[in-house]
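Colleague: After the C-alpha cells below, expect a handful of questions from me.
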Amino acid sequence: MSSTYLIALGSNRPHHLYGSPRAVLAAAMEECAALGTVSARSPIVTSDPMGPAQRRFANAACVLESEYDPPALLAGLKRLESEFGRRTAQRWGDRVVDLDVILWSGGVHSSPALMIPHRDFRARGFVLGPALSIAADWRDPVTGFRIRHLAARLGSNRPR
C-alpha cells in the first residue's frame, strides 16, 4: 500500500559534484525518486542558521509517494544523506544535506528513531514556507491545523 510523505530538505554546505547548497537540494529532490515518486517540489528558499551552524541554509520540501513504511523510508533518507556525504556531527551544525519526514498520509507515527509529525515543524518557517507552496491543505494530525494555518500563525518568521 502506498503512502504519501512530506519531506523537508536542507543544506548549507557545498558538494564536490553538485555545487552550491541550492544545487545540492535540487539533486537531492531528484534522488528521492529512488524511494518512490516525487509528485511535488517546492521552490528553494534561504534561511538563517540555527544553533552552531555558521552558514545560511537552502531549504525546500517535496511530496513523495512511496511503498515504504515510515521506518523504511527513514532508513532510505538516511542512506541518501550518507551518499551525499553527510556525516553524523553536531546537532544543528553545518551539513551537506538534511532530509526529514515531516508528515505522512498515515497520521501519527511514534518510535524512538522517528516521530511523525516532526516535533518541531510547526515553529519552523524554513519548513512551513516551502511546504506551504506544495502542501498547503495538508493537516497536522496532532493539532488539526492545515499547513496554511500553521504558516499564517507563524507569521513573518518565514524565510524569503
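Colleague: Between Gly85, Gly107, which is modelled with pLDDT of 95 or more, on the phi > 0 side of the Ramachandran plot and open to solvent by less than 70 Å² (accessible area, probe 1.4 Å)?
Modeller: Working: Gly85 fails: modelled with pLDDT of 95 or more.
That would be Gly107, the only listed residue that is modelled with pLDDT of 95 or more, on the phi > 0 side of the Ramachandran plot and open to solvent by less than 70 Å² (accessible area, probe 1.4 Å).
Colleague: Just one of the numbered conditions (1) within 28 Å of Gly19 (Cβ to Cβ); (2) surrounded by fewer than 16 Cβ atoms within 10 Å (Cβ to Cβ); (3) modelled with pLDDT of 95 or more is not true of Ile134; which one?
Modeller: (2)
Colleague: Please go through region 6-42 and pick out each residue that is in contact (Cβ under 8 Å) with a residue 24 or more places away in the chain, in a helix (DSSP H, G or I), out of contact with any Cys (no Cβ under 7 Å at 6 or more places or on another chain) and not small (Gly, Ala, Ser).
Modeller: Correct list: Pro21, Arg22, Val24, Leu25, Glu31, Leu35.
Colleague: Same structure, new question: Do we have Pro159 as of a type outside the set (A, V, I, L, M, F, W, C) and either at pLDDT below 95 or touching a helix residue (DSSP H, G or I) at 6+ places or on another chain (Cβ under 6 Å) (or both) here?
Modeller: Numbers: of a type outside the set (A, V, I, L, M, F, W, C): yes; either at pLDDT below 95 or touching a helix residue (DSSP H, G or I) at 6+ places or on another chain (Cβ under 6 Å) (or both): yes.
For Pro159, the condition - of a type outside the set (A, V, I, L, M, F, W, C) and either at pLDDT below 95 or touching a helix residue (DSSP H, G or I) at 6+ places or on another chain (Cβ under 6 Å) (or both) - is met.
The values are calculated or read from the model by the stated rules, or taken from the named source; none is laboratory data. Predicted model only: the values in this text are computed from it and were never measured. Ideal geometry is used to build each Cβ from the backbone, glycine not excepted, and the neighbour counts take in all protein chains shown. Please note that ligands, DNA and RNA were not included when accessible areas were found on the heavy atoms of the full protein model with its side chains. Shrake-Rupley method; radii C 1.70, N 1.55, O 1.52, S 1.80 Å.
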